[in-house]
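The values are calculated or read from the model by the stated rules, or taken from the named source; none is laboratory data. Since we're looking at a predicted model, the values are computed, not measured. All Cβ positions, glycine included, derive from the backbone under ideal geometry; neighbour counts span all protein chains shown. Please note that ligands, DNA and RNA were not included when accessible areas were found on the heavy atoms of the full protein model with its side chains. Shrake-Rupley method; radii C 1.70, N 1.55, O 1.52, S 1.80 Å.
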Amino acid sequence: MFGLFASPERKMREHAGNWLEVADKVYHYRRDVLTPAETAGLQSAAGALRGLVKERAGVEKLKPAIEHLEEMLRRHGGAIYPK
C-alpha cells in the first residue's frame, strides 16, 4: 500500500529493517577489529530486533529495541556508522 496510508506498526517494522541492514553492514565490515564481547553484544541486539520484526511486534516493543541497537552501532560502528 502507499506509504502515506501505511500503519504506524508497518512503518516501524520497515524502519527496523533498515536498522538491521546497517547492523549487518557494520558487523561484516568491522568483525575483525571488534572484540568477541563487542561482536556478541552487536549480534544479540540485532537478533532481538530481528525476532521482534518476525513476530510483528507493535511500536511499543520495537522502539526500545531500535534505540538499543542504535546505541550499540554508535559505540562500535567506527567510520561506517554514524555516517
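Using only Cα atoms, tell me the angle between helix 59-76 and the longest principal axis of the chain; keep it within 0 to 90° and round to the nearest 10.
20 degrees
Given the convex hull over the Cα atoms of the chain, what projected area results after averaging over all orientations, in nm²?
Projected area, direction-averaged: 5.7 nm².
Once the Cα atoms of helix 8-30 and of the chain are each reduced to a long axis, what angle between those two axes, in degrees from 0 to 90 to the nearest 10, is obtained?
The answer is roughly 10 degrees.
Can you return the aspartates and glutamates within cross-link range of residue 25? Criterion is Cα-Cα under 19 Å, with same-chain partners fewer than 8 residues away left out.
14, 38, 67, 70, 71
I'd like the orientation of helix 36-54 relative to the chain: the angle between its Cα long axis and the longest Cα principal axis, in ° from 0 to 90, rounded to 10.
Long axis of 36-54 versus the principal axis of the chain: about 10 degrees.
What does the helix-only formula give at 222 nm for the chain: each DSSP H stretch with n ≥ 4 adding -39500 (n - 2.57), the total divided by the residues, and the result rounded to the nearest 500 deg cm²/dmol?
Details: 3 runs with 60 residues, N = 83.
The per-residue figure over the chain is -25000 deg cm²/dmol.
Leaving out ligands and nucleic acids, note down the accessible area per residue over the chain with a 1.4 angstrom probe, in whole Å².
Using a 1.4 Å probe on heavy atoms only, each residue of the chain averages 66 Å².
Once ligands and nucleic acids are excluded and a 1.4 Å probe is used, how much of residue 28 is accessible, expressed in Å² to the nearest 10?
So the heavy atoms of residue 28 present about 110 Å² to solvent.
Report the label-to-label distance for residue 40 and residue 61 in nanometres (one decimal), using points 7 Å from each Cα along the Cα→Cβ vector.
For the pair residue 40/residue 61, the computed spacing is 2.5 nm.
Among 34, 49, 20, which one shows the biggest mean-square fluctuation in a GNM of the chain, springs joining Cα atoms closer than 10 Å?
Among 34, 49, 20, the largest mean-square fluctuation in the Gaussian network model of the chain belongs to 34.
Across 5 Å bins from 0, what is the distribution of all Cα-Cα pair distances for the stretch 29-71, in whole percents?
So the P(r) values, bin by bin, are 5, 24, 26, 20, 12, 9, 4.
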